[in-house]
Amino acid sequence: MTRSPGRPRESTHEVRALESANELLLEGGVAACTVEAVSRRSGVSKPTLYRRWPHRTALAIDAFAARIGQQVPLAETGDAAEDLVQAVARLAEQYQGRDGVVFAQLIAAAVLEPGTAELLNDRFFAPRRAALRALWADGVSRGQLDPHVDADAMIDLLFGPTTFRLLLGHAPTDARAAVQLARAALRGFTLVQPHQ
């Protein structure tokens, strides 16, 4: 899509704001990612930030979504079941560090702050779920995955256990544990079994 001549300046502001927000998120979590702190670090004025993001949590969500989108892309190797397993593993691995803390804080904000759950779903989860649904559909079309299984239900089954463990800390959430959980979830729904 072609942008108007004035758009690149706004885009530059957005990039600087998101980069600064991510730095703050990694340094001090969601609490550190205030509009004032992002403005100070990025050089983007607070009014400009507020035109794009109504509050700091919206800014934090967009920054986090952009970071995870870059750091944890989906692989498509042609083996849909294994690609799904590895998607869970890569996300679990990413969440071993500060991103896991930030993710947990954003989930807490979604529970405590009105409207935040909708923002988190729209700006973070929805794009990732759409890509995972497409991956599932590819697996179905290749005869690898059960066509009678609802893709959204499978996404919940694949990613839910690792997320639950991350939030409660009662069991490992490393990539190895995530692979075990994901393969267990997929076992009954694949026509060609994922790698062992």
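The values are calculated or read from the model by the stated rules, or taken from the named source; none is laboratory data. As the structure is a prediction and not an experimental result, all values here were calculated from the model. Here the Cβ positions follow ideal geometry from the backbone for every residue, glycine too, while neighbour counts run over all protein chains shown. SASA here: full protein model, heavy atoms, side chains in, ligands and nucleic acids out. Shrake-Rupley method; radii C 1.70, N 1.55, O 1.52, S 1.80 Å.
Residues that are open to solvent by less than 50 Å² (accessible area, probe 1.4 Å), part of a helix (DSSP H, G or I) and without any contact (Cβ under 8 Å) to a residue 40 or more places away in the chain do not occur anywhere in segment 165-181.
Applying the criterion of being small (Gly, Ala, Ser) and under 17 Å from the mean Cα position of the chain (by Cα) to the residues of segment 119-175, the residue that is nearest to residue 81 (Cα to Cα) is 134. Helices (runs of 4 or more DSSP H) fully within segment 37-155 that include at least 2 residues being in contact (Cβ under 8 Å) with a residue 12 or more places away in the chain and either touching a Cys at 6+ places or on another chain (Cβ under 8 Å) or at positive phi (or both): 56-71. Of the residues screened, residue 184 is one that is part of a helix (DSSP H, G or I) and either hydroxyl-bearing (Ser, Thr, Tyr) or open to solvent by 50 Å² or more (accessible area, probe 1.4 Å) (or both).
Taking the criterion of being more than 17 Å from the chain's Cα centre (by Cα), within 20 Å of residue 118 (Cβ to Cβ) and not hydrophobic (A, V, I, L, M, F, W, C), the residues of segment 52-82 that qualify are 52, 54, 55, 56.
Scanning segment 39-80 for residues that are more than 15 Å from residue 107 (Cα to Cα) and of a type in the set (S, T, N, Q) yields 39, 42, 45, 48, 70, 71, 77. Say we look at segment 65-103 and pick out the residues that are touching a Gly at 6+ places or on another chain (Cβ under 9 Å) and of a type in the set (A, V, I, L, M); which of these is most open to solvent (accessible area, probe 1.4 Å)? Selected residue: 101. Might you check whether a residue that is closer than 19 Å to residue 67 by Cα and among the charged types (D, E, K, R) occurs anywhere in segment 125-136? Looking through segment 125-136, at least one residue is closer than 19 Å to residue 67 by Cα and among the charged types (D, E, K, R).
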